[in-house]
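The values are calculated or read from the model by the stated rules, or taken from the named source; none is laboratory data. What you see is a predicted model, and the numbers here were worked out from it, not measured in a lab. Note that we place each Cβ from the backbone using ideal geometry, even for glycine, and neighbour counts take in every protein chain shown. Just so you know, the surface numbers come from the protein's heavy atoms only, side chains and all, with ligands and any DNA or RNA stripped out. Shrake-Rupley method; radii C 1.70, N 1.55, O 1.52, S 1.80 Å.
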Amino acid sequence: MNVAIVKYNAGNIYSVVNALRRMGIEPVLTDDAEQLKKADKVLFPGQGHAGEAMEYLKARRLDEVIRDLKQPVFGICVGQQLLCKHSEEGDADCIGIFDAEVKRFQPERHEDKVPCMGWNKLYDLKSPLYDGFDAMNGTEPYVYFVHSYYVPYCADTIATADYILPYSASMHKDNFYACQFHPEKSGKVGEQILRNFLKL
């Protein structure tokens, strides 16, 4: 299987490379439009500042390349946020796959810390991305999050998490899938989610 990872100025990309290698997949890390177009699956991970990331992507027209991809695409963390239409972080116009606005967490109580960091449960799972997890048999997945911005619950939400308020922990529209958490840092659960994506 030809798996490509979008190379841009975002952190945490190599942890996704390493997670795939542990699964026996040698991904191609690239910003080349033709390599991205011919891949069987494309991952769009990252940590960092949404505004700066979009400037980099637009300067290389990678935003257009990503928008036009036809194979399954998986946005991770900032990758999910950049697939939305706009982010409060840097007042950035993003790629626009999901008709959603990315917002900053607003603490409501003293114990509400921003960024949100740590393990949290997913619920209301609605996608083959979460095959094998089921609230009815007590296997709702716990996954690892690090983020200050979130996507509100919307029509494209396929998994929900709660921190200060319920929000989109994962999204899906057409051939685009995304998650706010880090599957590559979420142990066996995260590995299963990555495997499920690669089977799509």
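Only residues that are at pLDDT 95 or above, open to solvent by less than 20 Å² (accessible area, probe 1.4 Å) and assigned to a loop (DSSP other than H, G, I, E, B) were counted across region 1-28, and they come to 1. Here region 116-175 is the region considered, the condition is being of a type in the set (Asp, Glu) and within 25 Å of SER87 (Cα to Cα), and the residue that is nearest to the chain's Cα centre (by Cα) is ASP156.
Candidates in region 29-44 are the residues that are out of contact with any Leu (no Cβ under 9 Å at 6 or more places or on another chain) and in contact (Cβ under 8 Å) with a residue 24 or more places away in the chain; of these, the one that is most open to solvent (accessible area, probe 1.4 Å) is LYS38. Only residues that are of a type in the set (Phe, Trp, Tyr) and not in a strand (DSSP E or B) were counted in region 164-182, giving 1.
So which residues in region 4-38 are farther than 23 Å from GLN180 by Cβ and among the small types (Gly, Ala, Ser), if there are any at all? GLY24, ALA33 - these are the residues of region 4-38 that are farther than 23 Å from GLN180 by Cβ and among the small types (Gly, Ala, Ser).
Can you list the strands (runs of 3 or more DSSP E) found entirely within region 45-145 that contain at least 3 residues being over 19 Å from LYS188 (Cα atoms) and open to solvent by 20 Å² or more (accessible area, probe 1.4 Å)?
In region 45-145, 98-104 are the strands (runs of 3 or more DSSP E) which contain 3 or more residues that are over 19 Å from LYS188 (Cα atoms) and open to solvent by 20 Å² or more (accessible area, probe 1.4 Å).
Considering (1) in contact with a Pro (Cβ under 9 Å, 6 or more places away or on another chain); (2) surrounded by fewer than 19 Cβ atoms within 10 Å (Cβ to Cβ); (3) not aromatic (Phe, Trp, Tyr), the lone condition that SER168 does not fulfil carries the number (2).
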